[in-house]
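The values are calculated or read from the model by the stated rules, or taken from the named source; none is laboratory data. Values in this document were obtained by computation on a predicted structure and should not be read as measured data. Here the Cβ positions follow ideal geometry from the backbone for every residue, glycine too, while neighbour counts run over all protein chains shown. Remember, those area values only see protein heavy atoms, side chains included, never the ligands or the DNA or RNA. Shrake-Rupley method; radii C 1.70, N 1.55, O 1.52, S 1.80 Å.
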Amino acid sequence: QVQLVESGGGSVQAGGSLRLSCAASGRTFIRYTMGWFRQAPGKEREFVAATTWTGGNIYYADSVNGRFTISRDNAPNTVYLQMNSLASEDTAVYYCAAGIARSVTTISEVSYWGQGTQVTVSS
């Protein structure tokens, strides 16, 4: 069992930056691929970024590649999402996710979800 708690969301102006954190609890954290998804109002939840437990494989959605950076620290069981050059279209609730698949880039590959944290970008 893995519990995920996000933090770091908030409001920022376009062009600004935010860093999201996801604290995980559970003894098998390091065996999970960790990722971030987001859901904007009226839209489906979509993949943002993911990293395997070693950090050797990292995946990004095309829409955030080059602007967002995912990283993880297996001690103290935390995954981060550094978001730079934010735009209004990045406004969404961001969810931390964990799964046993290698990539975790689709909702069906997620085993555990966090409660979500709101990111609002104003233009």
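Shape annotation for the chain: C-alpha extents along the principal axes are 41, 27, 25 Å, from largest to smallest. Take the Cα of residue 61, step 7 Å toward its Cβ, do the same at residue 44, and the gap between the two points is 1.2 nm. At a 1.4 Å probe radius, carbon and sulfur cover how many percent of the accessible area of the range 39-123? Accessible surface attributable to carbon and sulfur in the range 39-123 totals 48 percent. Using the 1.4 Å probe convention, the accessible area of the chain works out to 50 Å² per residue with neighbouring protein chains retained. Across the range 35-49, the residues whose backbone nitrogen lies under 14 Å from the label position 7 Å along the beta-carbon direction of residue 111 are 35. Between residue 102 and residue 89, the modelled label-to-label distance comes to 3.0 nm, taking each label 7 Å out from Cα in the direction of the beta carbon.
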